[in-house]
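Enquirer: There's a structure below that I have some questions on.
Every read-out reported here was derived from the displayed coordinates using simple, explicitly stated rules and does not represent laboratory data. Only a predicted model underlies this, so the values are computations on that prediction, with no experimental measurement involved. Methodologically, a virtual Cβ is constructed for each residue, glycine included, from the backbone with ideal geometry; neighbour enumeration extends over all protein chains shown.
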Amino acid sequence: CMSAIAWSGFGRVVYGTSIPFIQEHGGSQIDLRARDVIAKSPKSVLLYEGFLHNETDPLYASPSVHRHDHDHTHRHLFGGLSFERCLHSLVDCPPAVALQQEKTW
């Protein structure tokens, strides 16, 4: 995902749950971190890692999440809301809260 995001020209990426956390809880993920993709990319992207991870991590730790059915997973994780709607809500978060524990690469 990060490769496509960088090539598309996104200037900033904000995410909560990390790939290592998902892997530790049984999720199947490519073992490549977003920061590593950005480091090799000719495009510049600000990366905010771990945003609200205390709220998103339990969703991936739950055995009720069907990790191989991504559409179902997103509907389950976001209470039936579309993923785009939830992302829009994240973008509208107050910057002071969003950047409290920022890590940029």
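Enquirer: Restricted to the stretch 28-55, and to residues that are polar (S, T, N, Q) and in contact (Cβ under 8 Å) with a residue 12 or more places away in the chain, which residue is nearest to S18 (Cα to Cα)?
Expert: The extreme case among them is S28.
Enquirer: Among the residues of the stretch 1-27 satisfying the criterion of being touching a residue at least 24 places away in the same chain (Cβ under 8 Å) and among the hydroxyl-bearing types (S, T, Y), which is surrounded by the fewest Cβ atoms within 10 Å (Cβ to Cβ)?
Expert: S3
Enquirer: Which residues, taken from the stretch 28-55, are surrounded by fewer than 16 Cβ atoms within 10 Å (Cβ to Cβ) and among the β-branched types (V, I, T)?
Expert: If the condition is that a residue be surrounded by fewer than 16 Cβ atoms within 10 Å (Cβ to Cβ) and among the β-branched types (V, I, T), then I30 is the only one that fits.
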